[in-house]
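I have placed the structure first, in the form of structure tokens, so that the comments after it can refer back to it.
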Amino acid sequence: MLERWIAYSDLNSRIELGAIITYLGIGENCQFADSAVSLREFVVHARPQDYSVLVGGTGSEVSDINLAAAIVNDGNARCVVLVRANASGSLRSRASRAGIDLVIDPLELGDLVKVGRGYQLYGADRFSSPLPESSRYYDKVKEFNAFLKSLQPSETLKAPIITFASGRGGSGKTTVVSSMAAIAVSWGLKTAVVDLDFSYGNVFEKFGIRQPKDFVDFIDKVSVQEDDLLSRATCVRKNFYLFGPCVKPEMAEILFPCVANFLHALSGFVDLVLVDTTSASTDCFAQAAQAADRLVLVSENPVTCINSLAKVSGLAVRLGIARTRIVRVENKANPRVRQDFSIGKIEVGLEAAKMFRIFEGGQGFNELVQQGKLEQLLHEETPFSESVLYVLASLLDELGLLPQVEEAQMALQLVPSRKGFSLFGRRREVG
């Protein structure tokens, strides 16, 4: 049985407490007390160990740490968690001495995710419970695949699928995919991003999302309604949908058989599908590459990355992907250095590949991206934003999908400039 929770905070702290409840995934099993007094009375009269308690800001009624400590002292709660923004070391020390199980600072949730602790907090039963019988999941995958096959659009109605790959990590591929998705939506395209790095994907972080929906939910509750496909996505904003990753990394491989059918089905609901893959050459990558209308290989300086780039392009050819569908992108390029089109041309799969460059973001760029401010950065007229605009416009133009809006048409004519990024630089007007 799932652990039951009861929570209390004053109105001023209710948003923070709600975010923690959502983050822990306990919304369906949590009820709110009307006051600090009623919270304590409820726990005192409940069966021992039946409820866990979440205490937020209490205003002037009573100190939050004193309330939590009193509930601990009563001895009936299964665990007591205190939610306090900007929790100091001394407060954590006091809480520990009082027997409070955990102090959560809402401002630190993003850091908990980055170090792999975000899903191990108290009461997160869906994250800490053991894996169910694998045979049950295999049956669910078959059922989900059958549902996806029923949604396959005709060739004339399917949206283009652009899959991004790289031979090794650290190429900035995820930032490129996320940037292109945000731009495509701003041009009026209904866009879906599929993060196929099911285990450790972090596209959601680029947009400041703390807790994306779990991709495993698709097979936990297989739908029979067509419109339910998009409703289960993480909606970044209107017409912008994100799928993946998995909450539990160990669930990733179970989902691999669904990938091809999922991408094809999804292409019938949106205008554009962008796929971010893992650098590992898994069956998941193979399906995404074979489903793609364009396979974009992202690398850094091709002189130092040609070995990994050649391995990926060679694999693509062995998977039956036409050389004319393969595109090369040199990311984090130096705008002051000329592009050498001859590098890698003799490698299998790269003979006919078009080559583009995306320039580095400049000082402070990566830090701001990690804070979820990618969309704000794209409004800056920088070499990075202009080169991403140009590459996306070129890809969409080839696929016959470039919108007839002024911004998209102008992007196709862009010659990316060599200006550096400035936090207070000139901003592009957004309509």
Ascending count of other beta-carbon atoms within 10 Å, so fewest first, for D50, D195: D50, D195
Roughly speaking, what is the stretch gain from L102 to E406, that is 0.36 nm per residue apart minus the C-alpha to C-alpha distance, in nm to one decimal? 104.2 nm
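Pairs of alpha-carbon atoms within less than 8 angstrom and 6+ residues apart define the contacts here; what relative contact order does the stretch 134-412 have, in percent? Can you show the working numbers first?
On the way: 500 pairs, mean separation 67.8, N = 279.
Over the stretch 134-412, the number comes to 24 percent.
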Histogram of C-alpha separations across the stretch 356-416, 10 Å bin width, %: 23, 47, 26, 4
For I100, what is the net charge nearby, where nearby means another residue's Cβ is under 12 Å from its Cβ and Lys, Arg count +1, Asp, Glu -1? +2
Give me the net charge for the shell around K190: Cβ to Cβ below 10 angstrom, other residues only, Lys and Arg +1, Asp and Glu -1. 0
With only alpha-carbon pairs counted, each pair once and no self-pairs, how large is the Kirkwood hydrodynamic radius of the stretch 158-249 in angstroms? 14.0 Å
Where Rh denotes the Kirkwood radius from the mean inverse Cα pair distance, what is Rg over Rh for the stretch 167-220? 0.99
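Arrange the following residues from fewest to most other Cβ atoms within 10 Å of their Cβ: Y137, Y200.
Numbers: Y137 18, Y200 13.
Going from least to most buried by this count: Y200, Y137.
Arrange T382, T58, T22 by Cβ neighbour counts within 10 Å, fewest through most, would you?
Fewest-to-most ranking of T382, T58, T22: T22, T58, T382.
Give, to the nearest whole percent, the P(r) tail of the chain beyond 33 angstrom, counting all Cα pairs. Working shown, then result.
Working: 39758 of 92665 pairs.
When every Cα pair of the chain is considered, 43 percent fall beyond 33 Å.
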If you take every DSSP beta bridge fully contained in the chain, what fraction is antiparallel? Give it as a percent rounded to 5. 10 percent
Excluding P160 itself, calculate the net charge of residues whose Cβ lies under 12 Å from the Cβ of P160, where each Lys or Arg counts +1 and each Asp or Glu counts -1. -2
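Just so you know, all these numbers are worked out from the coordinates, no wet-lab data involved. Predicted, not measured: the structure shown is a model, and the values here were computed from it. Neighbour counts run over all protein chains shown; Cβ positions are idealised from the backbone, glycine included.
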